[in-house]
1. The range 132-279: percent of C-alpha pairs farther apart than 28 Å?
2. Tell me the angle of helix 3-23 to the major Cα principal axis of the chain, expressed in degrees between 0 and 90 and rounded to the nearest ten.
3. Magnitude of the Cβ-charge dipole of the chain, K/R +1 and D/E -1, about the Cα centre, nearest 20 debye?
4. Under a point-charge model restricted to the Cβ atoms of Lys and Arg (+1) and Asp and Glu (-1), what is the dipole moment magnitude of the range 118-181 relative to its Cα centre, in debye to the nearest 20?
5. Quick check: pseudo-label points 7 Å beyond the Cα along Cα→Cβ at Arg7 and Arg90, how many nm apart are they?
6. Taking the Cα centroid of the range 222-279 and of the range 161-198, what is the distance between the two, rounded to the nearest whole Å?
7. Rg to Rh ratio, the range 1-115, alpha-carbon atoms and Kirkwood radius?
8. Counting only C-alpha contacts under 8 Å and six or more residues apart, can you give the relative contact order of the chain as a whole percent?
Amino acid sequence: MERAEERRVRLENWSAMAVGWEREREERERVAAPITGCLVQALAPKVGDVVLELAAGQGDVGFAVAPLLGETGRLISSDFSTAMLEIARRRRDELGLRNVEFRELDAEDLDLEDDSVDGVVCRWGYMLMPDPRAALAETRRVLRPGGRLAFAVWASGDSNPWVTIAGRILVARGHMPRPVPGEPGMFVLGDEQALRALVGGAGFASVQVEMVSVANDYRDVDDYVDRSSARGGMFARAWAGAARDEREAMAAELRDAFEPFAVDGGYELPGLAICVLAS
Ligand SMILES: C[S@@+](CC[C@H](N)C(=O)[O-])C[C@H]1O[C@@H](n2cnc3c(N)ncnc32)[C@H](O)[C@@H]1O
């Protein structure tokens, strides 16, 4: 696929997911709280700073930063999808934040001046871009000298069974294509050493890493399927596309595979993210 066509498809897919992303906000933010906390602490924003959030989605990480910037500071909440920016605007209004502006920006080609922001934050963004090195170099370009980047990506697939168990079942049964190594995806930046090299290679002199665990809790397999489907991503499309008897067979496989993660009242499936502070 041509690069422009590939970008159009990715943009369309993300825009289609905005409704589900908004619907899942509360659950997502509850589970992701340790990652958000790590990012805000690493960024250490000060009153008066200008902070850019990249690939912001509904904007929650930036909205945790905005109150720390005070009236003299400013958050630029950005995403390449206008549909995502719309749900972020609604959330900003709900929170009553007054120091936030929204920009439609592609993180791989930022329409911003050199040395124009004090901090950049990005949760679950760089791994989804075809050229994360270009995006990181763009980030470095717009950061002032001494500026800080705090971002999070998922660690390896093996440390994220909340996604990979279902993914393996869907692939094995032919409902989802096998992930192509190196292609954008949840776990493509999940190797800590390779990630350090990538960030350093994009021009950051200092790279510090913290591994952050999360716990995804589900009442049962139906709850897992409902909530994963609500997001409207690859799982949702693959599950919805499978015939009813296939879905029943996959639900039974999920029940067996989730057994090691059974807790009182359902399942607790672990996840692991890499939280990076670069400057
Ligand atoms: C997994 S969501 C994460 C959203 C948000 N950061 C969060 O943590 O909830 C990925 C987001 O990246 C955005 N995105 C993907 N590629 C992008 C790019 N090249 N430039 C800007 N945004 C991008 C999508 O539109 C989507 O909102």
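Bear in mind that the values in this text are calculations on the coordinates, not laboratory data. Everything quoted here is computed from the prediction, not taken from an experiment. Here the Cβ is made from the backbone with ideal geometry for all residues, glycine too, and neighbour counts use every protein chain on show.
1. Values: 3477 of 10878 pairs.
When all Cα pairs of the range 132-279 are counted, 32 percent exceed 28 Å.
2. 80 degrees
3. Numbers: 33 positive and 47 negative charges, 55 e Å.
Computed about the Cα centre, the dipole is about 260 debye.
4. On the way: 9 positive and 4 negative charges, 5 e Å.
So the dipole magnitude of the range 118-181 works out to roughly 20 debye.
5. 2.8 nm
6. Answer, in whole Å: 14.
7. 0.98
8. Working: 509 pairs, mean separation 59.0, N = 279.
Over the chain, the number comes to 21 percent.
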